[in-house]
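What follows is a short report on a single structure.
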Ligand code: SF4
Ligand code: SF4
């Protein structure tokens with residue numbers, strides 16, 4: 001099985017329209033939506049959730065009032081002002097608690113313990129294109145890198161069990177911990193970029209990251225015709241650095257329309273854009289051989 005992560009330096013480069021089209025073109029295939037902070041692949045692929053699982057990214061303190069003798073030590077020691085007295089009881093504000101564990105260590109009555117704080121859910125689902133693992137992270141919840149690893153590993157497990165030929169990972173944007181988790185151990189990375197100065201900059205940064213992890217990387221220029229000059233520069237950069245450009249997808253409002261209609265663009269319309277994506281997929285298959 002080949003695992004391909006589709007990444008971009010930032011959100012909004014058209015990554016989801018490419019991944020959903022690949023799902024349609026390579027069906028049946030396995031899918032992992034590792035963009036857990038802003039998941040949107042489900043809006044196009046309409047997964048039927050088969051199993052929901054809780055995710056806890058952090059631990060917080062909790063006080064057992066049956067043991068507490070109200071000595072006030074924990075409240076004085078907490079540097080984050082996370083402990084307060086509410087209705088004569090000591091309570092921890094789970095949003096303010098940073099999980100440092102100081103209160104647990106110093107409580108003379110062992111009345112405090114660290115507990116898992118629910119911060120999201122992840123799902124094992126079925127789509128009409130194959131199995132999909134995806135997640136929903138709570139607002140400002142932490143440890144999305146760990147959640148990405150769970151999503152990626154489960155999708156891989158399902159894909160291997162079902163003997164699938166490909167697995168597509170919709171990677172997290174940026175170059176931080178979540179994107180590292182979404183490219184770890186994959187066979188191939190496809191960077192989706194757009195011809196803008198920030199797009200070019202983000203693409204170069206993420207290519208350094210994939211090079212660092214020795215992941216063969218290719219590039220697709222989405223909306224290439226909105227700035228032909230920068231597209232040319234990206235092509236020159238690709239030749240210079242060995243990051244081959246294997247596809248260029250033209251700009252067309254039909255892509256947004258297809259997303260609004262909740263369909264992969266290659267299914268929504270048969271026109272220039274869908275032909276560009278089909279050619280990209282065929283070039284990618286050649287590269288994977
Ligand atoms: S340190 Fe322990 S005993 Fe003292 S107030 Fe806090 S929880 Fe209660
Ligand atoms: S774990 Fe740290 S931050 Fe949380 S309540 Fe205890 S002392 Fe405060």
inquiry  = Just to be sure I understand the filter: pairs with C-beta atoms under 9 Å, separated by 6 or more residues or on different chains, first member in segment 259-272 and on the phi > 0 side of the Ramachandran plot, second member surrounded by 22 or more Cβ atoms within 10 Å (Cβ to Cβ). Which pairs pass?
reply    = 262/44; 262/45
Selection count where residues are surrounded by fewer than 20 Cβ atoms within 10 Å (Cβ to Cβ) and in a helix (DSSP H, G or I), scope segment 159-199 = 6
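With the requirement that a residue be within 39 Å of the chain's Cα centre (by Cα), outside any helix (DSSP H, G or I) and within 14 Å of ligand 1 (Cβ to nearest atom), what does segment 66-80 give you?
Our first condition is that a residue be within 39 Å of the chain's Cα centre (by Cα); within segment 66-80, this holds for 74-75, 77-80.
In the following step, the residues that additionally are outside any helix (DSSP H, G or I) were identified as 78-80.
Once the filter is applied, which keeps residues that are within 39 Å of the chain's Cα centre (by Cα), outside any helix (DSSP H, G or I) and within 14 Å of ligand 1 (Cβ to nearest atom), segment 66-80 yields only 78.
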inquiry  = Every residue in segment 7-16 that is surrounded by 24 or more Cβ atoms within 10 Å (Cβ to Cβ) and either out of contact with any strand residue (DSSP E or B) (no Cβ under 7 Å at 6 or more places or on another chain) or closer than 20 Å to residue 187 by Cα (or both), please.
reply    = 7, 8, 9, 15, 16
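Sort out which residues of segment 40-54 are in contact with a strand residue (DSSP E or B) (Cβ under 9 Å, 6 or more places away or on another chain) and either assigned to a loop (DSSP other than H, G, I, E, B) or over 13 Å from residue 124 (Cα atoms) (or both), and write them in order of number.
Residues of segment 40-54 in contact with a strand residue (DSSP E or B) (Cβ under 9 Å, 6 or more places away or on another chain): 40-42, 45-54.
Within segment 40-54, 40, 41, 45, 46, 47 qualify.
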key: Those residues of segment 76-98 which are surrounded by 13 or more Cβ atoms within 10 Å (Cβ to Cβ) and more than 9 Å from ligand 2 (Cβ to nearest atom), in sequence order   = 84, 90, 91
key: Cβ pairs under 9 Å, 6+ apart, first in segment 64-79 and in the same structural domain as residue 104 (by TED's automatic domain parsing) and more than 12 Å from residue 106 (Cα to Cα), second more than 10 Å from ligand 2 (Cβ to nearest atom) and part of a helix (DSSP H, G or I)   = none
query = Does segment 111-121 contain any residue that is surrounded by 20 or more Cβ atoms within 10 Å (Cβ to Cβ) and out of contact with any strand residue (DSSP E or B) (no Cβ under 9 Å at 6 or more places or on another chain)?
reply = no
note = Screening 145, 157, 101 for residues that are within 11 Å of ligand 2 (Cβ to nearest atom) and either farther than 30 Å from residue 39 by Cα or out of contact with any strand residue (DSSP E or B) (no Cβ under 6 Å at 6 or more places or on another chain) (or both) leaves only 101
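Give the number of residues within segment 81-105 that are assigned to a helix (DSSP H, G or I) and touching a helix residue (DSSP H, G or I) at 6+ places or on another chain (Cβ under 6 Å).
Pass one, segment 81-105, residues assigned to a helix (DSSP H, G or I): 102-105.
In the following step, the residues that additionally are touching a helix residue (DSSP H, G or I) at 6+ places or on another chain (Cβ under 6 Å) were identified as 102-103.
Residues in segment 81-105 being assigned to a helix (DSSP H, G or I) and touching a helix residue (DSSP H, G or I) at 6+ places or on another chain (Cβ under 6 Å): 2 in total.
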query = For residue 35, are the conditions met, namely being away from ligand 2 (no atom under 13 Å from the Cβ) and in contact with a helix residue (DSSP H, G or I) (Cβ under 9 Å, 6 or more places away or on another chain)?
reply = yes
remark   = Among 231, 196, the single one that is touching a helix residue (DSSP H, G or I) at 6+ places or on another chain (Cβ under 7 Å), more than 26 Å from residue 28 (Cα to Cα) and modelled with pLDDT of 95 or more is 231
query = Quick one: is residue 63 surrounded by fewer than 14 Cβ atoms within 10 Å (Cβ to Cβ) and within 16 Å of ligand 2 (Cβ to nearest atom)?
reply = no
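The values are calculated or read from the model by the stated rules, or taken from the named source; none is laboratory data. These numbers come from a predicted model, not from an experiment. All Cβ positions, even for glycine, are placed from backbone atoms using ideal geometry, and neighbour counts span all protein chains on display.
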